[in-house]
Amino acid sequence: MRTRHLLALALAAGATAAGIATPVLAQTSDGPKREVRTLDTTLADQFGVLCHLRPSREAIMGFGSPTKVAEVVVRGGQEVAKGQVILRGDDREDAAVLRLQRTRAETNLPVELAKTTKDFMEAEYNHLLAIKEKGGSGPQELERARLAYEKARLEFLMAVLNQTSEAMQVDRFQARVDRFHIVAPFDGVVSSVQVDVGHSVSEQDRVVRVVNVDTLMMDVGAPMGDLRTWNLAVGDPAWVLIDMAGSPVLRTGKVTEVDPTADLGSRSRRVRVELPNPKGDTRLIPGGPAWVRFTEPDADILAKLDLIRATRAPGAARTTASNP
């Protein structure tokens, strides 16, 4: 037992000397303040450039029209597919108008009526034309028949045009109904829903946040004093250090954007890095800090990271806790 205690103390001392992990008191969700470990920035700043770990896709949305929330279909933390309804406003009036318009668009009675009239007038005109050829119909009567047929033909074409317009109006009224629905713009997870059933909202209110964390991204202010920054290109690798509750996690991402300009004030160039974030126990949570570099870490840095991981191992933590 004493050997285990001494080993834990040695590991902790080595970690402190390396400047890797720092214990702090923080308020926890399940009780009073207790010791929480965070990654010391001494080594992290030596590792690379500090940046913000963010979801690769994010949408903060609201309703397209003032409404009252009628249904919360998806709550925060639930996965959604693209096009899935998250919130539904009071769309009863517009939905009724949409149903009426669909009925008008789907019926073909006006076109059939106009076609029947046209066919009748055409037959009447052809009949009188045949009689005239035999000398039994006057020119005035034939002209009236011709004009009646022409009028019926034009009315038939107008009925076809009106029917096409009625079908197109369905899309217009559907868009009006859609203004009372908030749908997922992409596959992802609902981060938060800020309202509940019965809440009145305006079109300026942003009430739903959807994110996709299957891929994470960082905008890195790469220093222009580093020659490597001048030669970065899309597709180049990037090494990312993340603080996971005081334990360092090292991942490899890639460069997806390189700003062709630099910022004079910070003497840096924006470089976007994307990082795969598969599901599982090692899935990262965006929102915290990350440190990025564009050259592979040397053996000294990797040894220091291994040291702090060893001190944060469950066995070491239990030994330290049980042997104060």
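Exactly one residue among P185, P248, P260 is under 30 Å from T311 (Cβ atoms) and not polar (S, T, N, Q), and that residue is P248. Counting only residues that are under 12 Å from D219 (Cβ atoms) and in contact with a helix residue (DSSP H, G or I) (Cβ under 9 Å, 6 or more places away or on another chain), segment 259-289 holds 3 of them.
Restricting segment 189-213 to residues that are of a type in the set (S, T, Y) and in a strand (DSSP E or B), the residue that is nearest to the chain's Cα centre (by Cα) is S191. Selection of segment 250-273 for residues being farther than 24 Å from L43 by Cβ, of a type outside the set (K, R) and touching a residue at least 12 places away in the same chain (Cβ under 8 Å) yields T256, E257, V258, D259, A262, D263.
Bear in mind that the values in this text are calculations on the coordinates, not laboratory data. Everything numeric in this text was worked out from a predicted model, so none of it was measured. For neighbour counting, all protein chains shown are included, and Cβ atoms are generated from backbone atoms with ideal geometry for every residue, glycine included.
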